[in-house]
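*Asks:* Would you mind keeping the following structure in view while I ask a few things?
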There are 4 protein chains.
Amino acid sequence: VSGIIPPLSTPLTDDHDVDVVSLRQLVDFLVDAGVHGVFALGSTSEDPYLTDAQRVTVLTTAVAAVDGRVPVFAGTMATTAARAIERVAQAESAGADYVVVSPPFYALAGEEEIESHYRLVHEKSRLPVIAYDIPSRTGVKLSAPLLGRLARDGVVVGAKDSSGDIKSLRALVAETADVPGFAAMMGSEVLTDLALFSGAAGAVPGLANVDPHGYVRLHSAAVAGDWDAVRAEQRRLTRLFDIIVLGRSHGLGVDAAAYGAFKEALRRRGVIARAHTVPPQTPLPAVVRDQVGAALVEAGLVGAGLQ
Amino acid sequence: VSGIIPPLSTPLTDDHDVDVVSLRQLVDFLVDAGVHGVFALGSTSEDPYLTDAQRVTVLTTAVAAVDGRVPVFAGTMATTAARAIERVAQAESAGADYVVVSPPFYALAGEEEIESHYRLVHEKSRLPVIAYDIPSRTGVKLSAPLLGRLARDGVVVGAKDSSGDIKSLRALVAETADVPGFAAMMGSEVLTDLALFSGAAGAVPGLANVDPHGYVRLHSAAVAGDWDAVRAEQRRLTRLFDIIVLGRSHGLGVDAAAYGAFKEALRRRGVIARAHTVPPQTPLPAVVRDQVGAALVEAGLVGAGLQ
Amino acid sequence: VSGIIPPLSTPLTDDHDVDVVSLRQLVDFLVDAGVHGVFALGSTSEDPYLTDAQRVTVLTTAVAAVDGRVPVFAGTMATTAARAIERVAQAESAGADYVVVSPPFYALAGEEEIESHYRLVHEKSRLPVIAYDIPSRTGVKLSAPLLGRLARDGVVVGAKDSSGDIKSLRALVAETADVPGFAAMMGSEVLTDLALFSGAAGAVPGLANVDPHGYVRLHSAAVAGDWDAVRAEQRRLTRLFDIIVLGRSHGLGVDAAAYGAFKEALRRRGVIARAHTVPPQTPLPAVVRDQVGAALVEAGLVGAGLQ
Amino acid sequence: VSGIIPPLSTPLTDDHDVDVVSLRQLVDFLVDAGVHGVFALGSTSEDPYLTDAQRVTVLTTAVAAVDGRVPVFAGTMATTAARAIERVAQAESAGADYVVVSPPFYALAGEEEIESHYRLVHEKSRLPVIAYDIPSRTGVKLSAPLLGRLARDGVVVGAKDSSGDIKSLRALVAETADVPGFAAMMGSEVLTDLALFSGAAGAVPGLANVDPHGYVRLHSAAVAGDWDAVRAEQRRLTRLFDIIVLGRSHGLGVDAAAYGAFKEALRRRGVIARAHTVPPQTPLPAVVRDQVGAALVEAGLVGAGLQ
């Protein structure tokens, strides 16, 4: 597990169902750009807004579209172990290569119980498990010592750190330095350069839906030790990432503003057909859609005449 | 909607499945004690730990056991509207009288989107909706103005305030004073007296599984304006409520410590057969089980020789 | 220590110095209204905005104006013990009856060190010490067990709980039930009724600058056990308290909005000459000043033609 | 303003007064090691624990000891502008070169008022002002746009970012890219490498009291673009920095554990005579003092026989 692994956006039809054709196009766009894996049913997929049936559609579509070219990671986010295990089984049936497992949420578990949670899920999973650390959604932080124990026991083969705190990722890298093959992955779009500088195996940036080539270039430059190139690429991507907050000043929530912006950008780049998000997310207002277009031009992703 | 409405605990078998016999006994114990309703699949039920199949078992068992003697409220907690709507339909089929609906969680929604969430669920529900405000689990607070708008439009007929902040409940009472029949319900075990003093319609205390008679007495005294009796009863119940933190110093999480203590108390009172909680919750250690027993004696609920 | 003890506002001249004449008038207004003490140099005094010289002026003026009619409490808020001890000495010289001492702030102390802090200050103080629990400003919460230890050892004779959480005040009352004469005081304007219902000795409400008669009536009704009167009075005062947030939507900070509103109300009631607050606090805009006037009319404090 | 600028520790005598001799030795140790400035009366100095008289002693001693070899930065932390201005005047008299100014604390100010605070202090200061952003102590965050406005207007010539969030430092660098000479300084010991990688002018690490040579080497390597050396040096320093938490598991607060460890290390390195911290900080227990010694050996700072 390494490199750039975008968490797939979920394109929708006008009826707010999964747009299978656009999803296939998105997978091809990313794989053709050189990404090293794709992550279906992450937060960027609007997973918590999808029904179980839609989740299965997304996953089977993604696996089929990838067609073995890169590994497929399947999100299984669920409040606790019993439900996560059901989703792991779906991921196995669908042909995923890895499962990504969050700690308990809505439930209020202690650290010992979070550890049991991962051990229970691992026992029932035929696929290798990646831990998903995203405290802004789950309300808990997976500590480096906890992940270290799970890593050394083979319970998890990697972790995605979406805490937004580079110190957390660095502690994880230090803690797992002696675990062969363990993958410390960065979940933050704007810290990818620093994560690679700090020894992370790769990154899972939602923005890589919009600009996979940029993140792949950034990763290649880091592998080559060309830190000036890494920094320049990150600077451009960080500016582009500002699109995710544009909707906030119009009353949109965090999800609606971010996922709406990614989809509007993908639509303008011609990758997907429509920019809808799942209700009750508020759609991006027209003025924000145009700001997204302008940001794409500034980032060099769309010709000024074509946005 | 008013009075004391306990959120049902979910008794388990040794295989960690729903213990239907004990659940029926619990319902009878509560209804015989004079409670004014029962709430199935609230947090106290360990709902986030149950599978969908177990949830249906709990709900149908509760409805059958209640047998029309008091209204049944059904929890439908789900990350967003699409999933909540599926659970509302289950509640309708099972014969519940009300559905209790949380705001989005894991998802990150803005206030406008939370409002849309409730309107979407209400549109699809044949049962009246109670809003469930529990920021410690969902990460969001339902503001009084938001609940006021939903109440005035008939979207919700009540709200359970589990924020633990009496100012929040008071703001809700003030905001909905002009909405006939709206029920502001207190979710905190230790603020029930102050909530009734402040004009709440009733309370939904998890501890009422253990001592329904105490909460019913407290409510009756409040209705009668006998505030000295209210205070004395609350003081006794507040002391008893300390059982929920005993497990914390042994490494148990918030849920495991609380729900384990409720179940141990119910077992010692002879209401349910076993005190298991759903994994990955850590079981109460023996020393804590004995402390729960001693607290029951101190609260006058079990004779010293019988605990 | 009991009853209603308003934390004195600090009236200012046009040069932003202490308006000694207005301060004397304020003290007379409060004492004539029947308050049971006055607290100089609390947060409401804009203490952190005053120079050391101004603090001394405030304190000596207040002591002289009170002239022994009620006890005077002196704030000594300082980052740690060495500085607090200097302020305690000033309070002694000025003739105060009690000192009110915050825990360390800006400094980051552990609970053991907070306890040492109070013991160090107590050792050097000839005046009895009241602990000041105001986590929104200090970043720490004084736990009930900590205050209980200090109370039982005679280090503190009371505590002002400005946490805004009635559960905290109740825990303090329970913890100190066996300490004769210990005074658990409520710092929140809107929870005074519930605090007295719960066994608090009294309250220290900033709003009592504006409406001392209301708080004194509320206290008397509570002493008489007339809870309907208590509730009605609190409801009126809670509505009036909304004046403290009016400035927030105009960009004012918490202090500027609250203390500006108190002063504008006092000016309109004819108690003080001007409504200035200490820079860098932004003055209340004219529209807010008029809203404060309207709130006074609604609260029955100013005739509609006289506001 | 650039390079490594340690915030001076304050050595104490057995009477807990300023140990002027040790303080001079510390200044010489740092300047000889090649630091680019020294910062007196920062948090690391235990400033909030010192009396005003002690503060003046520290500052005049530091200025005299530095004797013009590098610039001296003087902390002026105070709850609001009036008090900060008094401290700025003391810093001018003492011969400091820059003043470091925190936002209001204990006071609750809005962003507009924080901006006014800095403008008021700047107006009265003959020395250039550095903003001090340390939300863990002040409870507020200085936003990049706010600091950008102050920088462009010449109100501040730099900022020390002690938020511990590299994204914050990066936003500051981006916001002030067009302000000639503005110095974005990193306050975190463990993010110095990433800060320099990200375009910061330098760092103000408390740990540089203990290992100034290490931080100077790190800075030189960054200037030379030798990122492998930067990373290796940071890794060693980050491990050494673990000494600041050793005391926490013995009940010490954040300050006591950190400043006690710095002083114990300086004492073992022979730079200062004693390791006392100002009461009510709890002294480091003997076992922790030995752990500090072992960490120095591991970091290569003290021979195993000499610790």
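Residue by residue, here is whether (1) among the hydrophobic types (A, V, I, L, M, F, W, C); (2) within 14 Å of another protein chain (Cβ to nearest Cβ); (3) out of contact with any Cys (no Cβ under 6 Å at 6 or more places or on another chain) holds:
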| position | (1), (2), (3) |
| --- | --- |
| D:LYS160 | no, no, yes |
| D:SER163 | no, yes, yes |
| D:LEU172 | yes, yes, yes |
| D:GLU189 | no, yes, yes |
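*Asks:* Give the residue that is nearest to the other protein chains (Cβ to nearest Cβ), with candidates limited to residues of region C:238-255 that are over 23 Å from C:ALA195 (Cα atoms) and over 16 Å from the mean Cα position of the chain (by Cα).
*Replies:* Here is the first cut: in region C:238-255, the residues over 23 Å from C:ALA195 (Cα atoms) are C:246-255.
Now drop any that are not over 16 Å from the mean Cα position of the chain (by Cα), which leaves C:246-253.
Working: C:LEU246: 14, C:GLY247: 9, C:ARG248: 8, C:SER249: 11, C:HIS250: 9, C:GLY251: 5, C:LEU252: 6, C:GLY253: 3 Å.
Checking each candidate, the answer is C:GLY253.
*Asks:* Of the residues in region C:252-269, how many are surrounded by fewer than 20 Cβ atoms within 10 Å (Cβ to Cβ) and farther than 20 Å from C:PRO205 by Cβ?
*Replies:* Residues that pass the stated criteria total 0.
*Asks:* Specify the residue that is nearest to the other protein chains (Cβ to nearest Cβ); the eligible residues are those in region D:61-91 that are in a helix (DSSP H, G or I) and open to solvent by 40 Å² or more (accessible area, probe 1.4 Å).
*Replies:* Selected residue: D:GLU86.
*Asks:* Shifting gears a bit: Within region C:270-281, is there a residue that is in contact (Cβ under 8 Å) with a residue 60 or more places away in the chain, open to solvent by 10 Å² or more (accessible area, probe 1.4 Å) and assigned to a helix (DSSP H, G or I)?
*Replies:* There is no residue in region C:270-281 that is in contact (Cβ under 8 Å) with a residue 60 or more places away in the chain, open to solvent by 10 Å² or more (accessible area, probe 1.4 Å) and assigned to a helix (DSSP H, G or I).
*Asks:* Sticking with this structure for a sec: Across region C:72-88, what is the total count of residues that are touching a residue at least 24 places away in the same chain (Cβ under 8 Å) and farther than 16 Å from C:SER43 by Cα?
*Replies:* Summing the residues that are touching a residue at least 24 places away in the same chain (Cβ under 8 Å) and farther than 16 Å from C:SER43 by Cα in region C:72-88 gives 4.
*Asks:* Filter region C:36-56 down to residues that are part of a loop (DSSP other than H, G, I, E, B) and either among the polar types (S, T, N, Q) or open to solvent by less than 10 Å² (accessible area, probe 1.4 Å) (or both), then give me how many there are. Quick ask: steps written out before the conclusion?
*Replies:* So the first thing to find is which residues in region C:36-56 are part of a loop (DSSP other than H, G, I, E, B), and the list is C:36-37, C:41-42, C:46, C:50-51.
With either among the polar types (S, T, N, Q) or open to solvent by less than 10 Å² (accessible area, probe 1.4 Å) (or both) added as a condition, the list becomes C:37, C:41-42, C:46, C:50-51.
The qualifying residues number 6.
*Asks:* Right, something else. Would you mention how many residues in region C:169-181 are outside any loop (DSSP other than H, G, I, E, B) and either open to solvent by less than 20 Å² (accessible area, probe 1.4 Å) or acidic (Asp, Glu) (or both)? Please lay out each step first, then the result.
*Replies:* From region C:169-181, those outside any loop (DSSP other than H, G, I, E, B) are C:169-175; that's our starting set.
Filter once more, keeping what is either open to solvent by less than 20 Å² (accessible area, probe 1.4 Å) or acidic (Asp, Glu) (or both): C:169, C:172, C:175.
Residues that pass the stated criteria total 3.
*Asks:* Could you tell me which residue of region B:207-237 is nearest to the chain's Cα centre (by Cα), considering only residues that are open to solvent by less than 50 Å² (accessible area, probe 1.4 Å) and β-branched (Val, Ile, Thr)?
*Replies:* B:VAL210
*Asks:* Now for a separate question. Please specify each residue of region C:108-139 satisfying the condition of being over 18 Å from C:LEU41 (Cβ atoms) and among the aliphatic types (A, V, I, L, M).
*Replies:* C:LEU108, C:ALA109, C:ILE114, C:LEU120
*Asks:* A further question on this structure: Determine if region D:182-194 includes at least one residue that is open to solvent by 10 Å² or more (accessible area, probe 1.4 Å), part of a helix (DSSP H, G or I), over 30 Å from D:LEU266 (Cα atoms) and not hydrophobic (A, V, I, L, M, F, W, C).
*Replies:* Within region D:182-194, not a single residue is open to solvent by 10 Å² or more (accessible area, probe 1.4 Å), part of a helix (DSSP H, G or I), over 30 Å from D:LEU266 (Cα atoms) and not hydrophobic (A, V, I, L, M, F, W, C).
*Asks:* Across region C:133-147, which residue is surrounded by the most Cβ atoms within 10 Å (Cβ to Cβ) among those that are within 10 Å of another protein chain (Cβ to nearest Cβ) and hydrophobic (A, V, I, L, M, F, W, C)?
*Replies:* C:ILE134
*Asks:* Another one. Give the residues of region D:294-307 that are open to solvent by 50 Å² or more (accessible area, probe 1.4 Å), in a loop (DSSP other than H, G, I, E, B) and either in contact (Cβ under 8 Å) with a residue 12 or more places away in the chain or in contact with a strand residue (DSSP E or B) (Cβ under 9 Å, 6 or more places away or on another chain) (or both), sorted by residue number.
*Replies:* Initial filter on region D:294-307 (open to solvent by 50 Å² or more (accessible area, probe 1.4 Å)): D:294, D:298, D:300, D:304-307.
Narrowing further to those that are in a loop (DSSP other than H, G, I, E, B): D:300, D:304-307.
D:GLY300, D:GLN307, listed by residue number.
*Asks:* Do we have C:LEU150 as more than 19 Å from C:PRO205 (Cα to Cα), within 14 Å of chain D (Cβ to nearest Cβ), open to solvent by less than 10 Å² (accessible area, probe 1.4 Å) and not in a loop (DSSP other than H, G, I, E, B) here? Break it down into steps so the answer makes sense when it comes.
*Replies:* Details: more than 19 Å from C:PRO205 (Cα to Cα): yes; within 14 Å of chain D (Cβ to nearest Cβ): yes; open to solvent by less than 10 Å² (accessible area, probe 1.4 Å): yes; not in a loop (DSSP other than H, G, I, E, B): yes.
Yes.
*Asks:* Of (1) closer than 23 Å to B:ALA256 by Cβ; (2) surrounded by 21 or more Cβ atoms within 10 Å (Cβ to Cβ), B:THR13 satisfies all except one. Which?
*Replies:* B:THR13 satisfies every listed condition except (2).
*Asks:* Of the residues in region D:115-147, how many are touching a Phe, Trp or Tyr at 6+ places or on another chain (Cβ under 7 Å) and not in a strand (DSSP E or B)?
*Replies:* Going through region D:115-147 one residue at a time, the tally reaches 5.
*Asks:* In addition: Looking at (1) away from every other protein chain (no Cβ under 12 Å); (2) open to solvent by 10 Å² or more (accessible area, probe 1.4 Å), find the lone condition where B:ALA109 falls short.
*Replies:* Against the list (1) away from every other protein chain (no Cβ under 12 Å); (2) open to solvent by 10 Å² or more (accessible area, probe 1.4 Å), B:ALA109 comes up short only on (1).
*Asks:* At pLDDT below 95 and open to solvent by 50 Å² or more (accessible area, probe 1.4 Å), is that true of D:GLN291?
*Replies:* Values: at pLDDT below 95: no; open to solvent by 50 Å² or more (accessible area, probe 1.4 Å): yes.
Here the answer is no, as D:GLN291 does not meet what is asked.
*Asks:* Any idea which residue in region C:24-35 is nearest to C:ASP97 (Cα to Cα), counting only those that are in contact (Cβ under 8 Å) with a residue 60 or more places away in the chain, open to solvent by less than 30 Å² (accessible area, probe 1.4 Å) and not in a loop (DSSP other than H, G, I, E, B)?
*Replies:* Step by step, filter region C:24-35, then rank; the result is C:LEU30.
*Asks:* Give region A:195-206 a look and list any residue that's assigned to a strand (DSSP E or B) and open to solvent by 10 Å² or more (accessible area, probe 1.4 Å), or say none. Let's see the steps before the verdict.
*Replies:* Going through region A:195-206, the residues assigned to a strand (DSSP E or B) turn out to be A:202-203.
Residues satisfying the conditions do not exist here.
The values are calculated or read from the model by the stated rules, or taken from the named source; none is laboratory data. Note that the coordinates shown come from a computational prediction; the quantities given were computed from them, not determined experimentally. Cβ: placed from backbone, ideal geometry, glycine included. Neighbour counts: every protein chain shown. Heads up: the accessible areas ignore ligands, DNA and RNA and are worked out on the full protein's heavy atoms, side chains in. Shrake-Rupley method; radii C 1.70, N 1.55, O 1.52, S 1.80 Å.
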